[in-house]
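Student: Below is a structure I'd like to ask you about.
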Amino acid sequence: PRPAPPPRRLARPAPGCADAVGAMPAKEAAPGAALRSIVYYAACSSVMLVINKVTISRIPLPGLVFCVQFLTTFLAVVAGKALGVLKVDSLTLGKATQFAPYVVAFVLSIFLNGKVLQHSNVETLITFRACSPLCVSILDWLFLGRELPCWRSFFALLGVLAGAMGYVACDREFRMHGVGAYGWVSAYFAVIVFEMTYAKHMISNVKFESAIWGSVLYTNSLSIGPMLGLAAASGELDRAPGVALDAASVAALCTCCALGICMNWSGWNCRDQISAASYTLLGVTCKLISVLLNLLIWDKHATLVGICWLVLCLLSSSLYTQAPMRADKRAAP
């Protein structure tokens, strides 16, 4: 009889690119569930930025607008729990303490997001956000047990950074006001990098009966007070009586509140399925639809050259592959 042929050796993937080929490492989400979470989050995120811009343009009180969003989501979750429709964890001091650092970063990022939309254009926000995956991928490696990005992913992130720098160089706000025009968005960038990393730590380590809706409940309930404080500190409470609300303003506010519920659930669900760096990059790539919608709605958008640089950011991001867990983390029980 012929001897049995030697077992075939599968080609080893390049370091840090195991998601592209081969078996899925332990503690990774199933591809189908991850894909569904990505599609749903992308749909919500692509529209949310534009809806917020519309709402804040009609109601120039971003802090109070976000307070209403948080309160609406909180009441919706509580009502769903009371009716038995949603399985949601109860509020406890221990979990609230664990969530406190994330809530601070989340409130600051939302508030700074509103300030950027109030004083600048959507493309400026998106471009600075496009630089965040490079930083988050390093924090993924340092604190969350991921490999560093492979060479393809690293150059993809550099392409995103190059596109962002090209956009900044031709942006009219930069030419008119220099670096000072980017005060709000620079602060937003620093906060969003911390928020994206710490949120993945939260969803992976805080024990919930329902991790997604539990995270939604804690995030929104704990964010109302700090956001209201920021709104008061920036003088929004004093300006609020002078803001006239018409039917269009109320409709925009209701729309962004309803979409906020979807955005909250889809965001935490997607965080649960993919890495922090992948989630951060997804938040950038799905903004292309935001840019297209923005071009149809506003006259305060970037030049054609600026849009080309932005497209380079988004095309580069499509080459990125999620880094796998490190071997020592996969072996951990």
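Student: For W298, work out the one condition from (1) in contact with a helix residue (DSSP H, G or I) (Cβ under 9 Å, 6 or more places away or on another chain); (2) of a type outside the set (K, R); (3) surrounded by fewer than 16 Cβ atoms within 10 Å (Cβ to Cβ); (4) modelled with pLDDT of 70 or more it doesn't fulfil.
Tutor: Tallying (1) in contact with a helix residue (DSSP H, G or I) (Cβ under 9 Å, 6 or more places away or on another chain); (2) of a type outside the set (K, R); (3) surrounded by fewer than 16 Cβ atoms within 10 Å (Cβ to Cβ); (4) modelled with pLDDT of 70 or more, W298 fails exactly one: (4).
Student: Where the second residue is assigned to a helix (DSSP H, G or I) and the first is of a type outside the set (A, V, I, L, M) and lies in region 74-89, which pairs have Cβ atoms under 6 Å and are six or more apart or on separate chains?
Tutor: Partner pairs satisfying both residue conditions: F74/N220; F74/S221; D89/G214.
Student: When region 99-118 is examined, which residues are found to be at pLDDT below 85 and either of a type in the set (D, E, K, R) or open to solvent by 50 Å² or more (accessible area, probe 1.4 Å) (or both)?
Tutor: The answer is K115, Q118.
Student: What are the residues in region 106-161 that are out of contact with any Lys or Arg (no Cβ under 9 Å at 6 or more places or on another chain), of a type in the set (K, R) and farther than 24 Å from N264 by Cα, if any?
Tutor: R152
Student: Next question. Before we move on, is A277 over 22 Å from the mean Cα position of the chain (by Cα) and either on the phi > 0 side of the Ramachandran plot or at pLDDT below 90 (or both)? First the steps, then the outcome.
Tutor: Numbers: over 22 Å from the mean Cα position of the chain (by Cα): no; either on the phi > 0 side of the Ramachandran plot or at pLDDT below 90 (or both): yes.
Here the answer is no, as A277 does not meet what is asked.
Student: Sort out which residues of region 55-109 are among the aliphatic types (A, V, I, L, M) and closer than 17 Å to H201 by Cβ, and write them in order of number.
Tutor: Applying the first criterion (among the aliphatic types (A, V, I, L, M)) to region 55-109 yields 56, 59, 61, 64-65, 68, 71, 75-79, 82-83, 85-86, 88, 91, 93, 96, 100, 103-105, 107-108.
Result: A96, A100, V103, V104, A105.
Student: Another question, if that's okay. So which residues in region 217-274 are open to solvent by less than 30 Å² (accessible area, probe 1.4 Å) and more than 21 Å from the chain's Cα centre (by Cα)?
Tutor: A231, G235, E236, S249, A252
Student: How about region 185-216: which of its residues are open to solvent by 30 Å² or more (accessible area, probe 1.4 Å) and outside any helix (DSSP H, G or I)?
Tutor: Those that are open to solvent by 30 Å² or more (accessible area, probe 1.4 Å) and outside any helix (DSSP H, G or I): K207, F208, E209.
Student: Is it the case that region 84-93 has a residue that's surrounded by fewer than 17 Cβ atoms within 10 Å (Cβ to Cβ), under 24 Å from V311 (Cα atoms) and either at pLDDT below 80 or among the small types (G, A, S) (or both)?
Tutor: Our first condition is that a residue be surrounded by fewer than 17 Cβ atoms within 10 Å (Cβ to Cβ); within region 84-93, this holds for 84-85, 87, 90-93.
If we keep only those that are under 24 Å from V311 (Cα atoms) too, we end up with none.
No: zero hits.
Student: In addition: Mind listing whichever residues of region 104-162 are charged (D, E, K, R) and assigned to a loop (DSSP other than H, G, I, E, B)?
Tutor: Result: E147, single match.
Student: Related question: Take the conditions buried (at least 18 other Cβ atoms within 10 Å of the Cβ) and either part of a helix (DSSP H, G or I) or in contact with a strand residue (DSSP E or B) (Cβ under 9 Å, 6 or more places away or on another chain) (or both) and apply them to T55. Does it pass? Break it down into steps so the answer makes sense when it comes.
Tutor: Working: buried (at least 18 other Cβ atoms within 10 Å of the Cβ): yes; either part of a helix (DSSP H, G or I) or in contact with a strand residue (DSSP E or B) (Cβ under 9 Å, 6 or more places away or on another chain) (or both): yes.
So T55 fits the description; yes.
Student: Determine, yes or no, whether V68 is under 19 Å from the mean Cα position of the chain (by Cα), part of a helix (DSSP H, G or I) and closer than 14 Å to C256 by Cα.
Tutor: No: the conditions fail for V68.
The values are calculated or read from the model by the stated rules, or taken from the named source; none is laboratory data. Predicted model only: the values in this text are computed from it and were never measured. When we count neighbours, we look across all protein chains shown, and the Cβ atoms used for this are built from the backbone with ideal geometry, even at glycine. All accessible areas refer to the heavy atoms of the entire protein, side chains included, with ligands and DNA or RNA removed. Shrake-Rupley method; radii C 1.70, N 1.55, O 1.52, S 1.80 Å.
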